[in-house]
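One structure is given below, encoded as structure tokens.
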Amino acid sequence: MPASVVEPTRLRRRRALTSSLLAGVLSLGSLLAPPLRAAEQLDIHLEGLDLPLNLVELERWSRDPSTRAGELVVWLNLLDPQSQQQLHQLLNAPLVRERSFTQQMMRSWAGQRVAEELGVLISTENGNAGPLVLSTLNTLLKEQRQVTVIELMRALPAQQLTINLDGLQLLARGWQQQLFDQELALKALQTLPLPQGTPLLPLSDGVLLDQQSSAADQAPQRWRLPVPHRQQPLGLELWPVPDAKTWVLLMPGLGGSTDQLRWLAQALHERDWPVVLLDHPGSNELAVRELVQGRRLPPGAETLPGRVQDLQAVVAAAQTGGLPQLGQRVVLMGHSLAGLTSLLAAGLRPEPGLQRRCKRSLADLPLINLSRLLQCQLPEVPLPPVQPLAQPIAGVVTLNGFGSLLWPHRGLRGLEAPVLMVGGSLDLITPPLSEQLHLFLPDPNPRSRLVLLEGASHFSPVRMQAGGEAPLFKFGEEWVGVDPARVQNLILSLSSEFLWGLDQGGLKRDLPPQRRHVGGVSAYVLDHDLAKLWQERIEVRTSRVDRVAPPAGPPAR
């Protein structure tokens with residue numbers, strides 16, 4: 001191809017890459033900003049090139065785009081008009097709309113860890129600028145309610161600010177690589193010899209549970225359970241069933257509420273399962289609302305001891321008569337952090353060497369697997385000693401659970417009860433390959449099952465009740481995945497059959513490996529042997545792809 005054709009193409013690509021990466025890193029840096037003194041020069045590293053910018057000129061241009069002075073005009077010419085407009089908007093966009101919320105986030109354990117790793121992308125002549133960005137932003141917020149990107153950069157007390165766009169590009173490639181790996185794994189999964197399954201429960205036009213159905217038809221019993229480890233009683237919703245053998249303790253994830261899982265509690269109750277829906281104070285939706293209002297730090301792994309004690313107290317009350325009769329055995333069932341709570345309450349504790357593994361894992365910005373932040377906070381959390389629950393554990397169900405850094409070798413081997421692990425192919429918060437498959441593989445229990453829901457995300461199990469309080473955050477389709485109601489139908493169908501198998505006893509009654517397709521959504525149910533075969537086929541496909549295009553490595557320090 002003639003050079004005259006190649007060069008313009010490369011130039012266009014470089015313009016697009018420069019614009020998008022700069023916007024991304026400025027947005028990221030602005031969220032976790034530091035304290036410096038009047039930075040004047042901005043150096044951008046991109047594809048081996050150094051692009052020096054004068055921050056004074058950039059600030060002047062941010063106020064008046066018609067001003068084009070010095071070397072800035074040369075750099076701006078690399079951007080098309082639309083990119084220039086986007087950059088101008090970015091520089092003047094307020095980084096903070098809720099001042100108290102941002103200050104609380106910066107003080108949190110997770111915020112501090114992310115700030116430390118910002119040095120991969122942002123530095124000064126003295127090195128890592130992550131903590132400095134945080135302190136600078138905090139200083140500015142004491143004097144003004146809003147801070148823009150350009151105000152933050154100019155306020156940094158350093159002569160020179162360096163942004164490594166090559167590092168950001170590698171981080172972006174890492175995220176793309178994870179999506180590619182999950183797509184590759186899905187293709188490998190589709191080749192497994194799985195029979196077509198049919199639901200145990202009858203379907204009506206392919207729908208198990210109408211999204212518009214209301215819990216008002218069968219309202220739960222509201223219960224306040226006093227517990228010694230909390231000042232206020234626990235809030236419970238009870239759905240009892242007479243003469244049941246096994247009951248379900250259902251828990252929402254971090255920042256979740258009972259409203260979000262009431263659809264599942266009601267549906268299981270309609271299928272004759274007693275259910276207790278437990279709200280965890282301090283890590284529920286109310287805690288997140290208080291965070292947004294600037295009244296508390298964001299909840300994290302430090303809430304796990306209280307969550308485990310909540311669970312223990314509820315099971316003890318069910319055994320001793322503090323609650324209505326529910327059953328003789330309990331199934332622990334939870335979404336995300338509640339799944340981890342269930343595993344800890346069932347007796348698992350992190351394998352030795354967690355701090356070492358976390359140091360390796362958090363060497364780069366932990367944006368590809370956000371559950372690592374929670375896992376790596378655990379060395380600083382005093383977990384309660386392992387003690388048997390007051391009732392036998394019939395099984396554990398985790399929806400988008402995690403624990404790859406906690407149990408990298410043993411996985412779920414230490415559990416005596418069978419486990420149903422459910423993950424989504426679009427989950428980027430608790431990725432199914434690392435957080436579910438790798439945990440499941442060492443588990444030899446023949447009754448355990450791994451389920452992957454095609455097109456489901458981390459938030460698929462969550463349902464907003466009609467007429468309920470407006471959600472704190474709204475997510476786009478890329479975070480929600482396919483229609484959650486259709487995914488929830490499969491979650492209900494498969495979890496019901498898993499529970500039924502536990503109650504009936506005997507391997508022949510267990511949820512069989514299968515592929516199930518309901519309402520346009522596919523679920524793949526695997527036992528241990530099929531999970532191992534899936535892993536082998538993933539490795540074969542990965543090795544073939546790697547010979548063609550090896551994945552990018554982590555950002556260089």
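The values are calculated or read from the model by the stated rules, or taken from the named source; none is laboratory data. Fair warning: this is a prediction, and the values are worked out from it, not measured in the lab. In this analysis, Cβ positions are derived from the backbone assuming ideal geometry, glycine residues included, and neighbour counts consider all displayed protein chains.
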* Does segment 119-151 hold any residues that are within 13 Å of Leu42 (Cβ to Cβ), part of a helix (DSSP H, G or I) and at pLDDT 75 or above, and which are they? -> Ile150
* Could you figure out which of (1) surrounded by fewer than 18 Cβ atoms within 10 Å (Cβ to Cβ); (2) touching a residue at least 60 places away in the same chain (Cβ under 8 Å) isn't true of Pro385? => (2)
* Asked: Does segment 325-367 hold any residues that are under 15 Å from the mean Cα position of the chain (by Cα) and modelled with pLDDT of 90 or more, and which are they?
  -> Gly334, His335, Ser336, Leu337, Ala338, Gly339, Leu340
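Anything in segment 57-84 that is of a type in the set (A, V, I, L, M) and touching a residue at least 60 places away in the same chain (Cβ under 8 Å)? List them, or say none.
First, the residues of segment 57-84 that are of a type in the set (A, V, I, L, M): 58, 69, 72-74, 76, 78-79.
Listed by number, the residues that qualify are Leu58, Leu78, Leu79.
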* **Condition broken by Asn445, with the remaining ones in (1) within 27 Å of Ser257 (Cα to Cα); (2) modelled with pLDDT of 90 or more satisfied** => (1)
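When residues of segment 388-412 are filtered for being among the hydroxyl-bearing types (Ser, Thr, Tyr) and either surrounded by 23 or more Cβ atoms within 10 Å (Cβ to Cβ) or not in a loop (DSSP other than H, G, I, E, B) (or both), how many remain?
From segment 388-412, those among the hydroxyl-bearing types (Ser, Thr, Tyr) are 398, 404; that's our starting set.
If we keep only those that are either surrounded by 23 or more Cβ atoms within 10 Å (Cβ to Cβ) or not in a loop (DSSP other than H, G, I, E, B) (or both) too, we end up with 398.
Number satisfying all stated conditions: 1.
Across segment 416-439, what is the total count of residues that are part of a helix (DSSP H, G or I) and either farther than 17 Å from Leu494 by Cα or out of contact with any Leu (no Cβ under 7 Å at 6 or more places or on another chain) (or both)?
Matching residues across segment 416-439 total 7.
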* In segment 260-303, residue nearest to Gly339 (Cα to Cα) [restricted to those that are at pLDDT 65 or above, part of a loop (DSSP other than H, G, I, E, B) and among the small types (Gly, Ala, Ser)] -> Gly300
* To do: Evaluate the following for Leu234: is it more than 27 Å from the chain's Cα centre (by Cα), crowded, with 17+ Cβ neighbours inside 10 Å and modelled with pLDDT of 70 or more?
  => no
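Quick check on segment 249-259. Is at least one of its residues in a helix (DSSP H, G or I) and either in the same structural domain as Ser495 (by TED's automatic domain parsing) or at pLDDT 85 or above (or both)?
Of segment 249-259, the ones in a helix (DSSP H, G or I) are 258-259.
Going one step further and asking which of them are either in the same structural domain as Ser495 (by TED's automatic domain parsing) or at pLDDT 85 or above (or both), we end up with 258-259.
Within segment 249-259, one or more residues are in a helix (DSSP H, G or I) and either in the same structural domain as Ser495 (by TED's automatic domain parsing) or at pLDDT 85 or above (or both).
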